[in-house]
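**Student:** Attaching a single structure in structure tokens format; questions to follow.
The values are calculated or read from the model by the stated rules, or taken from the named source; none is laboratory data. Small disclaimer: the values here were computed from a predicted structure and weren't measured. Using ideal geometry, Cβ is built from the backbone for each residue, glycine included, and neighbour counts are taken over all protein chains shown. SASA here: full protein model, heavy atoms, side chains in, ligands and nucleic acids out. Shrake-Rupley method; radii C 1.70, N 1.55, O 1.52, S 1.80 Å.
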Amino acid sequence: MEYFPLGDLQAYLTSPLPETEVKQICFQILEGLDFMHRNGFAHRDLKPANILVKSHSPDWWVKIGDFGISKRAGEGLHALRTLSGTLGFMAPEVLVQHGLLDSAEFGEVREYTVAVDIWSLGEIIFRALTNEPPFPKGLASYIKEPSSYPFEVIDKLNIHWNAGKFVWNLLRPMPADRPTAAVALRHPWLASLQKPLPAAESTGSLQKYEHLFAPENMHLAEPE
């Protein structure tokens, strides 16, 4: 078993982290989630305490830990049904499914998907950037009116506008509206960390994702 003397990310979230460092952390977590999700596994309890730190500021190296409640998703829509996770980082569809959140917008929820990990990552990155939870008054009002998302909390930090838009996309109320880990890795906010695409996956081959970058769709921020 690997030993991490530097502990976990939770210990470092006592004040907002620099934007460049949050990008490093986010990108590495997304790479781990992309690998898990492509192989059909959901972590289901992503939170700062489960992000283990190999090296910290200014050059972060983190790893996803605690796979105790990770689960291989089922066939079809990768459906999952059991209550798993930590309050404060659990996706709304999980809370609704188990009666912990009252929201008619979801209808009758019987299952959830690997998109729960994307929501949890959004919570982590919002807190890393701001040292605040995104929804201190609860999720119900945000789900009913998604335009109430607290853009101003990130905007006041004088960081790139793409940061706020990126996190907003991870925290979309409806799971189908959230990007996959693979798509999120190509977001403009993370451009400085992205590796060149292989020839077989050139920009032309990514046209199927083009609508995600259109401002009228808003799944992802428009590239600069």
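**Student:** Looking at the range 144-196 only, could you name the residues that are closer than 22 Å to residue 132 by Cβ and among the β-branched types (Val, Ile, Thr)?
**Tutor:** Passing the criteria: 153, 154, 159, 167.
**Student:** I've got another one for you. Within the range 114-139, track down each residue that is of a type outside the set (Asp, Glu) and surrounded by fewer than 16 Cβ atoms within 10 Å (Cβ to Cβ).
**Tutor:** Listed by number, the residues that qualify are 131, 133, 136, 137, 138.
Condition check ((1) open to solvent by 30 Å² or more (accessible area, probe 1.4 Å); (2) within 21 Å of residue 126 (Cβ to Cβ); (3) modelled with pLDDT of 75 or more) across all residues:
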| position | (1), (2), (3) |
| --- | --- |
| 42 | no, yes, yes |
| 49 | yes, yes, yes |
| 55 | yes, no, yes |
| 79 | no, no, no |
| 83 | yes, no, no |
| 86 | yes, yes, yes |
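**Student:** Out of the residues in the range 104-146 meeting the condition of being in a helix (DSSP H, G or I) and of a type in the set (Lys, Arg), tell me which one is modelled with the highest pLDDT.
**Tutor:** Ranking the candidates gives 127 first.
**Student:** Out of the residues in the range 16-40 meeting the condition of being modelled with pLDDT of 95 or more and part of a loop (DSSP other than H, G, I, E, B), tell me which one is surrounded by the most Cβ atoms within 10 Å (Cβ to Cβ).
**Tutor:** 17
**Student:** Would you mind stating whether residue 44 is under 17 Å from the mean Cα position of the chain (by Cα) and on the phi > 0 side of the Ramachandran plot?
**Tutor:** Taking the combined requirement at face value, the residue satisfies it.
**Student:** Still on this structure, please answer the following. Tell me, please, whether a residue that is among the aromatic types (Phe, Trp, Tyr), farther than 22 Å from residue 33 by Cβ and either crowded, with 19+ Cβ neighbours inside 10 Å or under 16 Å from the mean Cα position of the chain (by Cα) (or both) can be found in the range 157-174.
**Tutor:** Checked the range 157-174: no residue is among the aromatic types (Phe, Trp, Tyr), farther than 22 Å from residue 33 by Cβ and either crowded, with 19+ Cβ neighbours inside 10 Å or under 16 Å from the mean Cα position of the chain (by Cα) (or both).
**Student:** Looking only at the range 195-214, decide whether some residue is open to solvent by 10 Å² or more (accessible area, probe 1.4 Å), under 27 Å from residue 18 (Cβ atoms) and either under 15 Å from the mean Cα position of the chain (by Cα) or modelled with pLDDT of 95 or more (or both).
**Tutor:** No, the conditions are met nowhere in the range 195-214.
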